[in-house]
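Read through the structure below, which is laid out as structure tokens, and then see the notes.
The values are calculated or read from the model by the stated rules, or taken from the named source; none is laboratory data. Note that the structure is a prediction, hence the values are computed from the model and not measured. FYI the Cβ positions are ideal-geometry reconstructions off the backbone, even for glycines, and counts take in every protein chain you see.
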Amino acid sequence: MALRSLATRKTLTLALKSTRLAQSRALQTFSLPDLPYDYGALEPSISGEIMQLHHQKHHQTYITNYNKALEQLHDAIQKGDSSTVVKLQSAIKFNGGGHINHSIFWKNLAPISEGGGEPPHGSLGWAIDTNFGSLESLIQKMNAEGAALQGSGWVWLGLDKELKKLVVETTTNQDPLVTNGPNLVPLLGIDVWEHAYYLQYKNVRPDYLKNVWKVINWKYASEVYEKESA
Amino acid sequence: MSRETLAYHWGKHHRTYVENLNKQVVGTDLEGLSLEDIIIVTYNKGDILPAFNNAAQAWNHDFFWESMKPGGGGKPSGDLLDLIERDFGSFERFIEEFKAAAATQFGSGWAWLAYKANRLDVENAVNPWPSEKDKELVIVKSPNAVNPLVWDYFPLLTIDVWEHAYYLDFQNRRPDYISVFMEKLVSWETVNTRLEKAKARAAEREMEEERRRKEEEEGKPTNEEEDDDDLEMYVDNDNDDSEAE
């Protein structure tokens, strides 16, 4: 009899603990961040039509599917359903990556009236000259790699925190920069998926790449660089 | 599919693949090879060589244009319909699966209906126990420029799901594009012709492989140390093999 009441007390404590845990592990859902500028504010480099579709349809879809995948993952983890957990990894990488990458991208862009296109000063400007020789040479390199990327993906300017240098990288599909190396921090990413430029530039991706620099927000890239290289 | 889309897709994208491929091939070992051979050689078992993307995309787009016709759509008939019903349960199930494959190809790529004859889903593997059952229709999807030729399948039908294929007409709504393709553009006659060719080539290949196997066994040198009894047992085994199906 004493044993039985002991067992009951133990079970009760366990049950209380797991409820508390479950509450603290409540699933966070993600939502579409607002653009800090109007859809048409980046013209003529990027058309308002593209910005609206890109933000309201493409990015929103990644977020919707990311939330869905996370919920399914949460369920699968609780049920101990390992094969579903593993099966969901590609959906999470793809949609979660899409959300991460596009959230950075909107901050990487700014209307000319708000500093878009203005070259970086301060420590980032100096680091670019040291690592690439000049801003023009960095732009040339990123444009070449962006144009050569087969299919869909991104071209990045990143900071390698361990080696303490700037790097130019490309990732396929929606892979975030960190999939190329755990020490890589994205400073600036350019979306080279066809949806990022097709309505305006059609098949001429190099023209898009040439023009996008007029609205690149170096202020944001500098802020990230200063914070991460401190 | 709008005129504007075709003007860009065929007139710019496809044309660029062909022009760039010609430039890459001139003066190299690839010159003079057929397009399909170039694809297999430059695929290099996955470790792709520079000319692969242009070669495969040139082929893929040819195949894509021929998969469509004005006033297409509807249902296939005859052998093709029979095989579809055998391998997918029903024509409706096939459509569902094909549309799902096309919609879930992440990033750029293609969805395919292909005829698989005694090939396994592992590159260059041949089924060691060939049978009639292992000749079947399959739906596969591939990224970027990859196509089922590299897996030694016979492609029958494809849909291009690179964004440039549908963005002017459908923007981000890829599922709508896929539906319209199935309902209004697919040329089932072409798919049928391709299936007949595929079956014929599969049969030819089987005969080739059978002949080569027989030649190998008959040409086998006898081991001097073995006595006559062993030789007889070996011959018996040979007979068993030729009766297996």
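Applying the selection to the range B:18-54, what residues are within 11 Å of chain A (Cβ to nearest Cβ) and within 20 Å of the chain's Cα centre (by Cα)?
B:Ile48, B:Phe52, B:Asn53, B:Asn54
Is at least one residue of the range A:211-223 in contact (Cβ under 8 Å) with a residue 60 or more places away in the chain and either touching a Lys or Arg at 6+ places or on another chain (Cβ under 8 Å) or within 14 Å of chain B (Cβ to nearest Cβ) (or both)?
Scanning the range A:211-223 turns up at least one residue that is in contact (Cβ under 8 Å) with a residue 60 or more places away in the chain and either touching a Lys or Arg at 6+ places or on another chain (Cβ under 8 Å) or within 14 Å of chain B (Cβ to nearest Cβ) (or both).
Listed residues B:Leu30, B:Leu49; which is in a loop (DSSP other than H, G, I, E, B) and surrounded by 15 or more Cβ atoms within 10 Å (Cβ to Cβ)?
B:Leu30
Within the range B:141-173, can you find the residues that are in a helix (DSSP H, G or I) and within 10 Å of chain A (Cβ to nearest Cβ)?
Correct list: B:Glu163, B:His164, B:Ala165, B:Tyr167, B:Leu168.
Give B:Ala111, B:Ala58 a once-over and let me know the one that is assigned to a helix (DSSP H, G or I) and not polar (S, T, N, Q).
Step by step, each of B:Ala111, B:Ala58 is checked, and only B:Ala58 is assigned to a helix (DSSP H, G or I) and not polar (S, T, N, Q).
List, please: which pairs have Cβ atoms under 8 Å, are six or more places apart or on different chains, and start with a residue in the range B:18-33 that is in contact (Cβ under 8 Å) with a residue 40 or more places away in the chain and end with one that is part of a helix (DSSP H, G or I)?
Listed by first residue and then by second, the contacts come to B:Val18/B:Asn54; B:Val18/B:Ala58.
Within the range A:176-228, take every residue that is in contact with a helix residue (DSSP H, G or I) (Cβ under 7 Å, 6 or more places away or on another chain) and hydroxyl-bearing (Ser, Thr, Tyr) and give me the one that is farthest from A:Pro120 (Cα to Cα).
The selected residue is A:Tyr198.
Any idea which residue in the range A:120-167 is surrounded by the most Cβ atoms within 10 Å (Cβ to Cβ), counting only those that are within 14 Å of chain B (Cβ to nearest Cβ) and among the polar types (S, T, N, Q)?
Step by step, filter the range A:120-167, then rank; the result is A:Ser152.
Those residues that are without any contact (Cβ under 8 Å) to a residue 12 or more places away in the chain and either of a type in the set (D, E, K, R) or buried (at least 19 other Cβ atoms within 10 Å of the Cβ) (or both), I need them from the range A:199-210; list them, please.
Residues satisfying the conditions are A:Tyr201, A:Lys202, A:Asp207.
Kindly list the number of the only condition in (1) surrounded by 15 or more Cβ atoms within 10 Å (Cβ to Cβ); (2) within 18 Å of A:Tyr225 (Cβ to Cβ) that fails for A:Asn173.
(2)
Does B:Ala100 satisfy being modelled with pLDDT of 95 or more and either within 14 Å of chain A (Cβ to nearest Cβ) or part of a helix (DSSP H, G or I) (or both)?
So B:Ala100 passes the test.
Out of the range A:76-110, which residues are of a type in the set (Ser, Thr, Tyr) and more than 24 Å from A:Met51 (Cα to Cα)?
Those that are of a type in the set (Ser, Thr, Tyr) and more than 24 Å from A:Met51 (Cα to Cα): A:Ser82, A:Ser83, A:Thr84, A:Ser90.
What number of residues within the range A:46-63 are in contact (Cβ under 8 Å) with a residue 24 or more places away in the chain, under 18 Å from the mean Cα position of the chain (by Cα) and more than 12 Å from chain B (Cβ to nearest Cβ)?
Selection size over the range A:46-63: 1.
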